[in-house]
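Data first, discussion second: the structure below is written as structure tokens.
The values are calculated or read from the model by the stated rules, or taken from the named source; none is laboratory data. The structure displayed is predicted, hence computed values, not measured ones. As a convention, Cβ positions derive from the backbone with ideal geometry for all residues, glycine included, and neighbour counts pool all protein chains shown. Accessible surface areas use protein heavy atoms only, side chains included; no ligands, DNA or RNA. Shrake-Rupley method; radii C 1.70, N 1.55, O 1.52, S 1.80 Å.
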Amino acid sequence: MPESRFDIAIVGGGPVGMATAAMLVGRGMPGERIAVIDAKSAQAAQQDPRSLALSYGSRQLLEQVHAWPADGTAITGIHVSRRGSFGRTLIEAAEYGLPALGHVCRYGSVVRALDEALLGSGIHMLRPARVEGFSESADGVQLELDGERMLQARLLVQAEGGVYGEQSIRNARQRDYRQTAVIATVHSTAAPPGRAFERFTDEGPLALLPQQGSYSLVWCVRPQNAEPLMALDDADFLSALQQAFGQRAGRFTQVSPRHAYALGLNAEAHATARTVAIG
């Protein structure tokens, strides 16, 4: 079995894992001593349809490693309400002396910017590659990859949910939020610039995040209700969304193809002498 040795192996080539690698290099660690492992190819990651709501602090961190994507949309205000209840909370960036509370970025754009920032760094990008198991000793961690490959590292950084094996995955599923997120891009007749909305419903939060003149929708519903929502035609889906959200963003006029993701707690505050979980 071919074997490679590194100081740090980062499992997870999404924004968290890649930003960690970039920050390590920025603080003087030789890129040749770092391996990033991910089951997705770089192309597949860059085509991920999700959007990310990043805090202003996250922007500052990405700017430090020259990986801030150009298409981020600023969130300058957040309107929070509950369906059927009186009152609201309005948070404005100006009240805190900030240019923005956060930004909405496409997942693929963040990954692409990090890919470009890491070019020439010497970091070993192992993707697509899947971790099938690992063992820890006093000297380090040995990872078993698909294709009968072995990798040795002094430290394992877990930046992606499944590396700790089936038992952790089962535990995560037992802590299922019992919600599914339906995501899409929607257009409306009155989109206040920079305004994000979070509206709590009986089934979970419904968020509208400003993104390049439209909204990135994250609609959390009970799992049994997600499939009927996904099956609706565009007109009926927009009507259901209007009923759930109300009129604060005007009338919803257009929706992109939808995707659904089951939500759950898939992380542990897990650390040993040679492993740490982040993100």
Q: List every DSSP H helix in the chain whose Cα atoms extend 15 Å or more along the helix's own long axis and whose mean Kyte-Doolittle hydropathy is at least 0.5.
A: 15-26
Q. Amide H to amide H under 5 Å from I75: which residues, 5+ apart in sequence or cross-chain, H placed 1.01 Å off N in plane?
A. L101, G102, H103, V104
Q) What is the list of residues in segment 65-102 whose amide nitrogen lies under 13 Å from a point 7 angstrom out from the Cα of F200, following Cα to Cβ? A) 80-89
Q) Taking segment 1-142 as the region of interest, what is the percent of Cα-Cα pairs per 10 angstrom bin, listed from the shortest bin to the one with the maximum distance? A) 10, 34, 28, 17, 9, 2, 0
Q) Cα centroid distance between segment 190-204 and segment 3-81, in Å? A) 27 Å
Q: For D115 and R178, calculate 0.36 nm times their separation in residues minus their Cα-Cα distance, and state this gained length in nm to one decimal.
A: 19.2 nm
Q. Once you treat every alpha carbon in the chain as an equal point and sum by Debye, what is log10 I(q)/I(0) at q = 0.09, 0.11, 0.16 Å⁻¹?
A. -0.50, -0.73, -1.27
Q: Return the long-range amide H neighbours of S41 (sequence gap of 5 or more, or a different chain), with a cut-off of under 5 Å between placed amide H atoms.
A: none
Q: Give the long-range amide H neighbours of Q211: residues separated by 5 or more places, or on another chain, with amide H under 5 Å away, using H modelled in the peptide plane at 1.01 Å from N.
A: S216
Q) Accessible area of H124, 1.4 Å probe, to the nearest 10 Å²? A) 80 Å²
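So if R0 is 45 Å, what FRET efficiency would N225 and E32 give, r being the distance between their Cβ atoms, rounded to the nearest 0.05?
0.35
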Q | Contour minus Cα-Cα distance for E95 and Y261 (0.36 nm per residue) | A | 56.3 nm
Q) For the chain, with every protein chain kept in place, what is the accessible area per residue (1.4 Å probe, Å²)? A) 52 Å²
Q) Share of segment 1-144's accessible area from carbon and sulfur, percent, 1.4 Å? A) 51 percent
Q) Of all accessible surface on segment 207-253 at a 1.4 Å probe, what whole percent is carbon and sulfur? A) 49 percent
Q. Quick one: length gained pulling D233 to A44 fully straight, 0.36 nm per residue minus the C-alpha distance?
A. 65.3 nm
Q.
Considering the Cα positions of segment 7-63, please state its Rg to one decimal place and its Dmax as a whole number of Å.
A. 12.5, 34
